[in-house]
1. What do you reckon, is Leu94 under 30 Å from Phe184 (Cα atoms), in contact (Cβ under 8 Å) with a residue 12 or more places away in the chain and out of contact with any strand residue (DSSP E or B) (no Cβ under 9 Å at 6 or more places or on another chain)?
2. Within region 41-48, does at least one residue satisfy the condition of being within 19 Å of Lys230 (Cβ to Cβ) and either of a type in the set (A, V, I, L, M) or in contact with an Asp or Glu (Cβ under 8 Å, 6 or more places away or on another chain) (or both)?
3. Report, by residue number, each residue of region 38-60 that is assigned to a strand (DSSP E or B) and either aromatic (Phe, Trp, Tyr) or on the phi > 0 side of the Ramachandran plot (or both).
4. What single numbered condition from (1) under 28 Å from Ala208 (Cβ atoms); (2) assigned to a strand (DSSP E or B) fails to hold for Tyr111?
5. Which residue is surrounded by the most Cβ atoms within 10 Å (Cβ to Cβ), if the candidates are limited to region 115-171 and must be within 16 Å of the chain's Cα centre (by Cα) and farther than 30 Å from Gly65 by Cα?
6. I'd like the full set of residues that are in contact with a Gly (Cβ under 9 Å, 6 or more places away or on another chain) and within 21 Å of His88 (Cβ to Cβ), limited to region 214-241.
7. In the set Ala214, Ala210, which member is in contact (Cβ under 8 Å) with a residue 60 or more places away in the chain, of a type in the set (Gly, Ala, Ser) and assigned to a loop (DSSP other than H, G, I, E, B)?
Amino acid sequence: EDEILLNPHTSFLLYRGLRKINPSPYLFYLKLEDEILIGSSPEILVRLEDGIVETRPIAGTRPRGKTEEEDRALEEDLKHDEKELAEHIMLVDLGRNDIGRICEYGSVEVYELMVIEKYSHVMHIVSGVRGKLPKDKDMFETFIATFPAGTVSGAPKIRAMEIITELEKTVRGPYAGAVGYFGFSQNMDFCITIRTMFQKRNKLYLQAGAGIVADSVPEREYDETINKAKGMEKALEFFRKGYFL
C-alpha cells in the first residue's frame, strides 16, 4: 500500500512507464468509477477463439540474471527444480480439469509443456492447454468453468479458496481476478490480474504472491514475491522522479 497523489492523467503516465519497464502479453489501463487498474500481466486466464478454449498456466519462477551466463544458470536451475516442476504439473492438471468440464470429451490436450518464458524481471515455467467448445456451450460458461485460476488459488480449488479466506488477513480486491473482454462473435480473452497496480482514491496498492506447497521454503517464496513486484516498483520509482512526465 502506498499513498501517492494520482489523478487519471498522471496514473496513465504510470501505466505508460509500466508498459515500457515490464512489457507483457496483457497490458491494460482500466478506469472505473473511483478505481483504476494498471496492469502488465503475463498470464492468460482463458481465451476462446473460433470455438477453441485455451489456458496457459504459469507456475515456477526465477529472477532474471544480471548477465547472460547467470540468466542461463537460473533457467537451468528452474528447469531441474523438482518442487517447481511438481507444482507446475499439478496446476497443468488442474487447468486440464477446468476446461475439460466445458469442452468436448476427448478434445482437451496439452499442446505445450513446461517451456521457459522470460520477462523483464522474472522467468516462468509455462504450459498450454486447449480443447474444443461444444455448440451448446458459450463464452460465459467457459469463463465460469475456469475462474478463478488454479495458479492463484490452488488444488483442490474450492478447499484452497476456503483456506485462503481463513489465512489471508486482507481481501485481495482485483488482485488474482481477471481483466478482459467478451466479444459479439463469441470470442473472449481474459488475463489474470497479476503484476497489477490498483488505485483507489489517493492510494495505490501493489500486490504479489507465490504458490505454496508442502515442501516450499518460506524465504524463497518471499523472495519470489519481491521479484514479481520489481517491475511495478521500478515503474513507481520512475514515476516519482518524473521520468514519464
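The values are calculated or read from the model by the stated rules, or taken from the named source; none is laboratory data. Computed from a predicted model, the values in this text were never measured in an experiment. Reconstructed Cβ throughout: ideal geometry from the backbone, glycine too, with neighbour counts over all protein chains shown.
1. Working: under 30 Å from Phe184 (Cα atoms): yes; in contact (Cβ under 8 Å) with a residue 12 or more places away in the chain: yes; out of contact with any strand residue (DSSP E or B) (no Cβ under 9 Å at 6 or more places or on another chain): yes.
Yes: the conditions hold for Leu94.
2. Taking region 41-48 first, the residues within 19 Å of Lys230 (Cβ to Cβ) are 41-43.
Going one step further and asking which of them are either of a type in the set (A, V, I, L, M) or in contact with an Asp or Glu (Cβ under 8 Å, 6 or more places away or on another chain) (or both), we end up with 42.
Yes, that holds for at least one residue.
3. Residues of region 38-60 assigned to a strand (DSSP E or B): 38-41, 44-49, 52-55, 58-60.
Gly60 - this is the single residue of region 38-60 that is assigned to a strand (DSSP E or B) and either aromatic (Phe, Trp, Tyr) or on the phi > 0 side of the Ramachandran plot (or both).
4. Looking at each condition in turn, Tyr111 falls short on (1).
5. It comes out as Thr146.
6. Glu221, Glu224, Thr225, Lys228
7. Working: Ala214 fails: in contact (Cβ under 8 Å) with a residue 60 or more places away in the chain.
Only one candidate passes the filter, namely Ala210.
Matching residues to (1) under 22 Å from Glu233 (Cα atoms); (2) in a strand (DSSP E or B); (3) at pLDDT 90 or above:
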position	(1), (2), (3)
Lys20	yes, no, no
Ile36	yes, yes, yes
Arg62	yes, yes, yes
Asp71	yes, no, yes
